[in-house]
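Undergrad: Dropping a structure here in structure tokens format, bear with me for questions.
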Amino acid sequence: MNIESPLPLFEYQKKGVTFLHSIGSGVLGDSPGVGKTLQVIALAEHNEAKKILVFCPAVLKHQWANELKIFVPHRKSVVIEGTKTERAVLWKQEADYYIVNYELLLRDFEAMNSREWDYILADEATKISNARAKQSRMIKKLQSKHRVAMSGTPIANKAQDVWNLVDWTNPGVLGNYWGFIQRYCLKNKWGGIFGYQNMEELRTRLQKYMIRRTKEEVLPDLPEKITTDVPFILSEEEMILQKKIKQEILHEIQAEDISKIEHPMRLQFTIAKFQRLRMLANSLELLGENKKSSKLEVLQELLREQIEDDRKVIIFSEFAEMCKILKRELAEYNPVIIIGETPNKGRQALLDQFNTIPTHRICVMSSAGTYGLNITSASVIINYDLPFSLSKLDQRVGRAHRYGQKNKVHVFNLLGKGTADEAIQKIIHAKAKLSDDLLGNLPVSMDDIKQMLTYD
């Protein structure tokens with residue numbers, strides 16, 4: 001029987017709270033937009049927790065504080081930020097929730113470790129998925145009665161990512177890291193992981209410590225999501241330059257032989273070179289050639305069709321410089337822009353402007369806006385370019401297609417024929433089936449690289 005709560009929970013959320021309560025500590029892996037924050041707040045309330053430490057990306061700290069004001073206004077929360085002296089004062093305040101970003105693990109560890117917590121909540125927990133990272137080791141040293149890792153993409157890049165999340169919440173249940181690698185990962189002669197094995201066994205083991213539901217499973221009343229690919233053809237000038245760049249890249253790696261691209265350093269080198277083709281598909285301005293962009297012309301035409309009846313649009317690009325170009329070229333729509341250099345304190349204010357002021361019709365975002373943000377005022381998402389990661393693509397869509405959305409959501413992918421856009425889409429679609437096998441998506445492989453560089 002599911003736990004009852006005074007908070008406004010759906011039945012599936014009550015089930016999530018009940019599961020986490022029953023196991024004490026675990027992973028809440030619901031897909032983006034399903035409402036993980038409300039579930040862990042309800043869990044803490046049910047268990048009458050008095051001291052809760054919340055880890056989240058810096059951009060989400062004030063959003064967490066706002067959510068707590070809405071759902072548990074009787075609870076006091078403190079956002080830990082500022083200089084070392086200012087943070088020291090904040091740590092001394094009496095509160096129920098202390099909200100920090102992961103980077104403070106290295107700076108304020110002594111303050112965090114000076115007490116035993118009732119709960120430690122790790123939001124966007126892929127930040128601690130790397131078992132060898134210092135942040136991941138430090139968070140394991142903190143004392144807490146209960147730990148909950150929250151992630152819409154618990155396996156964001158690699159199957160081994162999930163080991164550290166489960167080992168933090170339930171130490172030792174998956175064995176040690178190297179034993180896990182031997183059992184579930186396949187290595188090449190350099191020690192790099194190129195594939196996985198025994199996935200059904202791992203899925204079964206994970207079910208004891210992790211609960212995951214998709215939007216399709218639990219929100220049948222969520223407005224429909226319609227995804228449309230928008231193909232276009234590069235100009236002759238762009239196609240000539242693309243052919244030239246592609247030949248240069250192939251020539252640069254010829255000494256290694258493209259059929260033997262396996263070494264991790266060579267893979268990273270080739271991916272970096274491939275970025276030039278992604279930039280070309282976006283705008284020649286990113287390469288310093290000129291301001292020609294067939295894709296931008298297609299975007300402008302699409303916006304004329306979509307921005308009507310007070311509809312708002314989110315446009316995503318992996319490139320911060322492209323976001324700046326879009327802000328300049330789409331000035332008529334009074335866009336707000338959120339990229340890595342946007343101050344954390346200013347992001348929520350920008351979102352509030354976008355959500356509440358009708359004249360702001362567009363929000364342009366880099367990967368800085370991928371995680372955690374709630375932007376249900378928008379009902380159109382345009383992927384100006386695609387990320388390599390399937391989970392990142394899901395995170396993008398989850399900003400608008402989520403609990404609280406009232407309108408049908410339209411997703412558009414701008415795809416240049418014969419460009420890097422199409423190559424990346426083929427790769428992430430091919431990964432979708434593999435991803436479903438274990439909740440996440442696999443990393444870019446040597447076969448992916450060969451496909452990206454030899455596509456027609």
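Read the figures in this text as sums done on the coordinates, not as results from a lab. Every value quoted in this text rests on a predicted model; they were computed, and no experiment measured them. Ideal geometry is used to build each Cβ from the backbone, glycine not excepted, and the neighbour counts take in all protein chains shown.
Undergrad: So, how do all the Cα-to-Cα distances of the stretch 88-143 break down into 10 Å bins, in percent, from 0 on up?
TA: Spelled out per bin, shortest first, that is 20, 60, 19, 1.
Undergrad: So, one more: Take every Cα-Cα pair in the stretch 1-158 and report what % of them are more than 29 Å apart.
TA: 13 percent
Undergrad: What's the Kirkwood radius of the stretch 18-91 in Å, using all Cα pairs?
TA: 13.9 Å
Undergrad: For the stretch 39-78, state which GluC sites (Glu not before Pro) are in a DSSP loop and have at most 12 other beta carbons lying within 10 Å of their beta carbon.
TA: For GluC sites (Glu not before Pro) across the stretch 39-78 that sit outside H, G, I, E and B with at most 12 neighbouring Cβ atoms in 10 Å, the list reads Glu48.
Undergrad: Whole-Hz Karplus ³J(HN,Hα) for the stretch 168-181, in order, using 6.51 cos²θ - 1.76 cosθ + 1.60 and θ = phi - 60°, x for Gly and Pro?
TA: 6, 7, 9, x, x, 5, 9, x, 7, 4, 6, x, 4, 4
Undergrad: Which far-off residues, 5 or more places away or on another chain, put their amide H under 5 Å from the one on Phe412, with H placed in the peptide plane?
TA: It is Thr228, Ile381, Ile382, Asn383, by chain and number.
Undergrad: Nearest 10 degrees is fine. How inclined is helix 236-252 to the longest principal axis of the chain, computing both from alpha carbons?
TA: Orientation of helix 236-252: about 70 degrees from the principal axis.
Undergrad: Can you work out the Karplus-derived ³J(HN,Hα) for every residue in the stretch 87-101? Use 6.51 cos²θ - 1.76 cosθ + 1.60 with θ = phi - 60°, whole Hz, and x for glycine or proline.
TA: Going residue by residue, I get 5, 4, 5, 5, 5, 7, 5, 7, 8, 8, 10, 10, 10, 9, 8 Hz, with x marking Gly and Pro.
Undergrad: For the stretch 51-126, compute Rh as the Kirkwood radius over C-alpha pairs and then the Stokes-Einstein diffusion coefficient at 25 °C and 0.890 mPa s; write the answer in µm²/s, rounded to an integer.
TA: 196 µm²/s
Undergrad: Moving on. So the label point goes 7 Å from the Cα of Ile233 along Cα→C-beta, right? Which residues of the stretch 304-324 then have their backbone N under 12 Å from it?
TA: No residue qualifies, since no backbone N sits under 12 Å from the label point.
Undergrad: Hey, another quick one. Go through [x] 151; [y] 168; [z] 188 and flag the label whose value is the computed volume of the Cα convex hull per residue in Å³ for this structure.
TA: From the options [x] 151; [y] 168; [z] 188, the structure gives [x].
Undergrad: Please give the residues of the stretch 102-143, grouped as numeric ranges, whose backbone N is less than 16 Å from a label point set 7 Å along the Cα-to-Cβ vector of Ala88.
TA: Under cut-off, by backbone N: 107-114.
Undergrad: Same structure, new question: Determine the sum of side-chain charges near Pro231: Lys and Arg each +1, Asp and Glu each -1, restricted to other residues whose C-beta is under 10 angstrom from that of Pro231.
TA: Every neighbour counted, the sum reads -2.
Undergrad: Quick check: net charge around Lys134, other residues with Cβ under 15 Å of its Cβ, Lys/Arg +1 and Asp/Glu -1?
TA: For residues surrounding Lys134, the net value is +4.
Undergrad: Explain nothing, just compute: Karplus ³J(HN,Hα) = 6.51 cos²θ - 1.76 cosθ + 1.60, θ = phi - 60°, for every residue of the stretch 299-308 in order, whole Hz, x for Gly and Pro.
TA: Karplus values, whole Hz, x for Gly and Pro: 4, 4, 5, 5, 5, 4, 7, 8, 8, 8.
Undergrad: Starting at 0 and stepping by 10 Å, how many percent of the alpha carbon pairs of the stretch 278-381 end up in each bin?
TA: Values per bin, smallest distances first: 14, 49, 30, 6.
Undergrad: So, one more: Shape of the stretch 328-410 from its Cα gyration tensor (a ≥ b ≥ c, root eigenvalues): rounded if a/c is under 1.5, otherwise prolate when a/b > b/c, or oblate?
TA: Taking the square roots of the gyration eigenvalues as a ≥ b ≥ c, the stretch 328-410 is rounded.
Undergrad: Let me check I've understood the local charge: for Thr169, count other residues with C-beta under 13 angstrom from its C-beta, Lys and Arg +1, Asp and Glu -1. What total comes out?
TA: Result for the local shell: +3.
Undergrad: Continuing with the same structure: How would you classify the stretch 205-249 from its alpha-carbon gyration tensor, with a ≥ b ≥ c the square roots of the eigenvalues: rounded for a/c under 1.5, else prolate if a/b is greater than b/c, otherwise oblate?
TA: oblate
Undergrad: Convex hull over the Cα atoms of the stretch 157-247, averaged projected area in nm²?
TA: Computed as one quarter of the Cα hull surface, the answer is 11.2 nm².
Undergrad: A further question on this structure: If I fit a long axis through the Cα atoms of helix 344-356 and take the longest principal axis of the Cα atoms of the chain, what angle between them do I get, 0 to 90°, rounded to 10?
TA: 80 degrees
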